[in-house]
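Just below is one structure, and these are the notes that go with it.
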Amino acid sequence: MGLSSSGIGSGLDVDSLVSKLMSAEAAPLDNYDKKTAAFQSKLGAYGKVSAAVASFQGALTSLNSAATYSALSTTSSSKDVVSASATSGAVAGNYKVNVTQLAQAQSLVSGGKASTSALIGAGAKTTLTFQFGSVTGGTFGAAGSTLSTAVAASGIASGSLTINGTAIATNGTTLSARDLAAAINDQAEGTGVTAKTGTTATDANLFANFGNAAVTSASGSYTLTVGGVDLATAAAGDDPITADTIDTALADTATRNALAAANITVKGSAATHDLQFLAADGSSIGVTETVKGTVTGGIGRAEGEDNKGSSVTATAGVTLSSADGSQILIGGSNPAAAGFTAGSAGSYVGAGFSQDGSQNMGVVTLDAKDQSLQGIRDAINKANIGVTATIVSDGSDTPYHLVLTNNNTGSKSSMKISVSGDGDAGADAAIASLMGYDPGGAQGLTQTSGAQDTKLTVNGIAVTSKNKSVSDAIQGVSLDVSSLGSSTVSVSKNTGAVSDAINAFVKAYNSLNSTISSMTGYNADTKVAGALQGDASVRSIQSQLRRQLGTTVEGLGGKLTNLSQVGISFQKDGSLAVDSSKLNTAITNNFADIGGLFAAMGKASDGGITFDKSSAATKAGEYAIHIDQMATKGSLTAAKALSGSTKIDPNTTWTVTLNQTDPATDSRVQNITIPAGTYDNTQLAAMLRAAINGNSTFSGAGDSVETSVDKDGKLQIASSVFGEKSNISIAGVTGSPVNLVFGGDEPVKDVGRNVQGTIGGIAASGNGQVLTAAPGSPADGIQLSIKSGDKGDRGTVTFSQGYAYQLTNLATTFTGKDSVLQGKTDGLNVSIKAVAEQRDKFSDRLTAIEARYRAQFTALDTMLSSMQTTQSYLTQQLAAIAANS
């Protein structure tokens, strides 16, 4: 409306007149508002019902989960040592756990460099190949030198030796390797280091010249003693002591027993000049010639050469072994007396390496720009091979060290690092010296932490695990180990979880029932009707739920089939009540059956078949399973047996095509570097598996292979997946030909097949090992994994639909798309929108009416003003006429 100055001319109160008229005209607006309020009230009521249904569905989630009924609770008497969690496969009971070793990862460190960016080597393209596996045999530690004769005579002074900061208790009685090892082992708990003696052996040449007999004169005597045992004695004028004399004495039982009592064994003979005396326990062995008067010949002397007597002591050294594969810090005032040099020591001695085929091989290519400490570090980390590289500084003149740490723990995660050149070129010597590492050979890197398993006992049975999470040591129980020590782990049925879920369901149902009743009923006390009073659709929700809860669950095969058996019953007001005592009894006595009463449960009678899932279309019942064809993997199998020793030439590359699709996918064809070496059958299979699976493109797509050698020595390389999409082929590129590993002939190639069979007598569809029931059949939606066994009749699969499952599906029809409540809500929203549009049109009309009224009254005001002006003029004129007359 425009501006106006109503009543200015005549004094007519136009605004008041228009306002009163418009008030009467606008009266119908109240009807629109009342309609909108009524619709919104219903909309809000439907919203409350929908929210109550949603809460009810939420309460059904736990009750409808099979995991709720298989849950077990665990407790640990010492959580600092071990904590535990249980799955459905666990068995209730108490388990005593004793942890003696924690898993750790291997860590290797390079020698020091003055710069992190300086080029190492000549810059030619270089390849680092990482293999992962176990260190076999030998020991990790340091081998000490043979103890001196001075030690054998006077011992090792106190304070001479410390190991990892702990003083070893040596003194004047520490006369042999055996004594030293005992002193070191006494401190093993504190140092983490044990000692083992070498075998003491007399010089093999000691008796080489004993063919020159020891001859006594008329006034002389001669006695040969070994380890305090007299072997030969000649008095004045006796027959000479010859090699035969010594061998005869050594053949004597009493002499042998005396030597054995001194822990000495005999090897060779004097007659053959290879006589040796050995002490396996590291005891020192003294060989003494005691001479009186004139004696000629004997040990190491020519015939007729004077013998004034001799004394020789044979000693051994000790080898230190680190319990966790860490470096051993050797110190003390005189560690040389114990056969060691002060400082950090530790490497593998007498060991080998066995590759673990289940761990992918890693290949790192170093271009010239990568051949510095930081370049090597970055290249290793970028390659993502399961090894983390870092650089640390020790503050010395050559402070920078490359540190390699395996991302995995466990004794099978030790590293072997090979360095090779490009093509036919040999490895760069500088990089090989820095990075080459073989526990059974050259160790350019230094191990600072050894790969080891977690070790523990469960009820006295020894268990190992590659990490600190130990699975299936106790069936169905996962143990998380934190420290050394003992704890008792208790596993029990989690009946509380089932009880809580049932009570939550009853509470949610009662809340929904109360909401529907309040919205659709009439409160006699307050004389107020519910917003949805008389709404049959909402009442139908209530009746459908009650009807569903009153049915019997089919397909269970157990003792529980209805709610009253677990103490749940309807009350007069339509609510549910729980008899806690009856519920607890039902849970305790029928724990295996209660899950089927509420959840959708499926179970196959054949242990080689796993029930995976069902769908809303699946009907309760028991369905026969028949397998016509088991799923297979694509494979390459040797036609002939391997020789037992296969040599792979340097720079061998093969093209592997794995699980190729139609049309072909380029990424499923990869060139694989095959490490050179000579392999036995087991090592060959492990190496090939690791090499192929180490390809990042294959692993990124989830493609891998398995390798095996059968009892006849035939190699097989197979895809890890089952089904018609499973296939593999290998072609040579450079180096050793492919057929070398298949016994010399082309391998037999097989393409994988899907499982085939029927469920409930109707043909099912197979995909790999998964068999899915036919759509539209009673078993529609059942999915089974056929993991083992053979073709033929394979028992049955039983499926039941418990209350929670049925109610969840039913509740979905109340609130989902095209549901009753959604339809009501959509209709109300349409009505509210229509009323709003009508109100807007009427408001527009009122605006036009008001404008018309204002125009009319303004015109009237103008006319009255004119008439008043005329009246005033006439009055004046008449007054003037009257005055002049």
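Scanning the stretch 797-817 for residues that are open to solvent by 10 Å² or more (accessible area, probe 1.4 Å) and either at pLDDT below 75 or polar (S, T, N, Q) (or both) turns up Thr798, Gln801, Gln806, Thr808, Asn809, Thr812, Thr813, Thr815, Gly816. Restricting the first member to the stretch 766-781 and to residues that are open to solvent by 40 Å² or more (accessible area, probe 1.4 Å), and the second to residues that are among the β-branched types (Val, Ile, Thr) and in a loop (DSSP other than H, G, I, E, B), the beta-carbon pairs closer than 6 Å and six or more apart or on different chains are Gln769/Val755.
Figure legend. Inter-residue proximity from the stretch 234-259: first residues farther than 21 Å from Val291 by Cβ, second residues assigned to a loop (DSSP other than H, G, I, E, B), beta-carbon distance below 7 Å, spacing 6+ or different chains. Indicated pairs: Asp247/Ser269; Asp247/Ala270; Asp247/Ala271; Leu259/Gly227.
Considering every residue within the stretch 275-295, establish whether at least one is without any contact (Cβ under 8 Å) to a residue 12 or more places away in the chain, open to solvent by 30 Å² or more (accessible area, probe 1.4 Å) and among the basic types (Lys, Arg). There is no residue in the stretch 275-295 that is without any contact (Cβ under 8 Å) to a residue 12 or more places away in the chain, open to solvent by 30 Å² or more (accessible area, probe 1.4 Å) and among the basic types (Lys, Arg). Only residues that are within 21 Å of Lys455 (Cα to Cα) and among the aromatic types (Phe, Trp, Tyr) were counted in the stretch 63-101, giving 1.
Taken together, the residues in the stretch 75-88 that are open to solvent by 50 Å² or more (accessible area, probe 1.4 Å) and either over 17 Å from Leu479 (Cβ atoms) or small (Gly, Ala, Ser) (or both) amount to 3. Which residues, taken from the stretch 46-74, are polar (S, T, N, Q), under 25 Å from the mean Cα position of the chain (by Cα), over 13 Å from Leu479 (Cβ atoms) and not in a helix (DSSP H, G or I)? Hits for the stretch 46-74 are Ser65, Ser73. Residues that are open to solvent by 30 Å² or more (accessible area, probe 1.4 Å) and in a loop (DSSP other than H, G, I, E, B) were ranked within the stretch 123-152; the one that is farthest from Thr673 (Cα to Cα) is Ser148.
Within the stretch 422-470, the set of residues being in contact with a strand residue (DSSP E or B) (Cβ under 9 Å, 6 or more places away or on another chain), assigned to a loop (DSSP other than H, G, I, E, B) and free of Cβ contacts under 8 Å to residues at least 60 places away in the same chain comprises Gly426, Gly436, Gly441.
Would you check if there is a residue in the stretch 549-556 being modelled with pLDDT of 85 or more, of a type outside the set (Gly, Ala, Ser) and part of a helix (DSSP H, G or I)? Yes: one or more hits. Of all the numbered requirements in (1) closer than 30 Å to Thr618 by Cβ; (2) buried (at least 21 other Cβ atoms within 10 Å of the Cβ); (3) at pLDDT below 95, Gly702 misses one, and that requirement is (2). Among the numbered conditions (1) modelled with pLDDT of 95 or more; (2) within 18 Å of Phe340 (Cβ to Cβ), the only one that Val135 does not meet is (2). In the stretch 23-46, of all residues being in contact with a Leu (Cβ under 8 Å, 6 or more places away or on another chain) and small (Gly, Ala, Ser), the one that is least open to solvent (accessible area, probe 1.4 Å) corresponds to Ala45. So for the stretch 407-428 (the condition being under 31 Å from the mean Cα position of the chain (by Cα), open to solvent by less than 20 Å² (accessible area, probe 1.4 Å) and more than 22 Å from Arg689 (Cα to Cα)), does at least one residue qualify? No, that holds for no residue.
Quick grid of which residues meet (1) among the β-branched types (Val, Ile, Thr); (2) closer than 14 Å to Gln359 by Cα:
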{"residue": "Asn659", "(1), (2)": "no, no"}
{"residue": "Pro663", "(1), (2)": "no, no"}
{"residue": "Asn671", "(1), (2)": "no, no"}
{"residue": "Ala676", "(1), (2)": "no, no"}
{"residue": "Ala686", "(1), (2)": "no, yes"}
{"residue": "Ser704", "(1), (2)": "no, yes"}
{"residue": "Val709", "(1), (2)": "yes, no"}
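Could you tell me whether any residue of the stretch 741-764 is of a type in the set (A, V, I, L, M), open to solvent by less than 60 Å² (accessible area, probe 1.4 Å), in a strand (DSSP E or B) and without any contact (Cβ under 8 Å) to a residue 60 or more places away in the chain? There is at least one residue in the stretch 741-764 that is of a type in the set (A, V, I, L, M), open to solvent by less than 60 Å² (accessible area, probe 1.4 Å), in a strand (DSSP E or B) and without any contact (Cβ under 8 Å) to a residue 60 or more places away in the chain. Each residue in the stretch 682-696 was checked for being in a helix (DSSP H, G or I), within 21 Å of the chain's Cα centre (by Cα) and more than 12 Å from Glu706 (Cα to Cα), and 1 pass. One residue alone among Gly89, Gly58 is more than 22 Å from Ala834 (Cβ to Cβ), touching an Asp or Glu at 6+ places or on another chain (Cβ under 9 Å) and of a type outside the set (Phe, Trp, Tyr), and that residue is Gly89.
In the stretch 818-835, the qualifying residues are those that are part of a helix (DSSP H, G or I) and surrounded by fewer than 14 Cβ atoms within 10 Å (Cβ to Cβ), and the one that is modelled with the highest pLDDT is Lys833. Here's a check for you: in the stretch 628-673, which residue that is open to solvent by 30 Å² or more (accessible area, probe 1.4 Å), polar (S, T, N, Q) and not in a strand (DSSP E or B) is nearest to Asn727 (Cα to Cα)? Selected residue: Gln660. Of all the residues in the stretch 85-122, those that are outside any loop (DSSP other than H, G, I, E, B) and either on the phi > 0 side of the Ramachandran plot or more than 29 Å from the chain's Cα centre (by Cα) (or both) number 2. Taken across the stretch 505-527, residues that are touching a residue at least 24 places away in the same chain (Cβ under 8 Å), in contact with a Leu (Cβ under 7 Å, 6 or more places away or on another chain) and open to solvent by 50 Å² or more (accessible area, probe 1.4 Å) do not occur at all. Only one entry of Asp628, Asp666 meets the criterion of being among the acidic types (Asp, Glu) and more than 29 Å from Lys787 (Cα to Cα), and that entry is Asp666. Counting just the residues of the stretch 317-359 that are under 30 Å from Gly694 (Cα atoms) and among the hydroxyl-bearing types (Ser, Thr, Tyr), which one comes out most open to solvent (accessible area, probe 1.4 Å)? Within the stretch 317-359, the match that is most open to solvent (accessible area, probe 1.4 Å) is Ser358. Checking each residue in the stretch 298-311 for being surrounded by 16 or more Cβ atoms within 10 Å (Cβ to Cβ) and closer than 18 Å to Asp274 by Cα picks out Gly298, Ile299, Gly300, Arg301.
For the stretch 726-735, the tally of residues that are part of a loop (DSSP other than H, G, I, E, B), more than 27 Å from the chain's Cα centre (by Cα) and either buried (at least 21 other Cβ atoms within 10 Å of the Cβ) or modelled with pLDDT of 95 or more (or both) stands at 1.
From the set of residues in the stretch 53-74 that are within 27 Å of Gly607 (Cβ to Cβ) and β-branched (Val, Ile, Thr), which is least open to solvent (accessible area, probe 1.4 Å)? Among those residues, the one meeting the criterion is Thr68.
The values are calculated or read from the model by the stated rules, or taken from the named source; none is laboratory data. All values derive from a computational prediction rather than experimental measurement. Positions of Cβ are backbone-derived with ideal geometry, glycine not excepted, and every protein chain shown enters the neighbour counts. Ligands, DNA and RNA are excluded from the accessible area calculation, which covers all protein heavy atoms including side chains. Shrake-Rupley method; radii C 1.70, N 1.55, O 1.52, S 1.80 Å.
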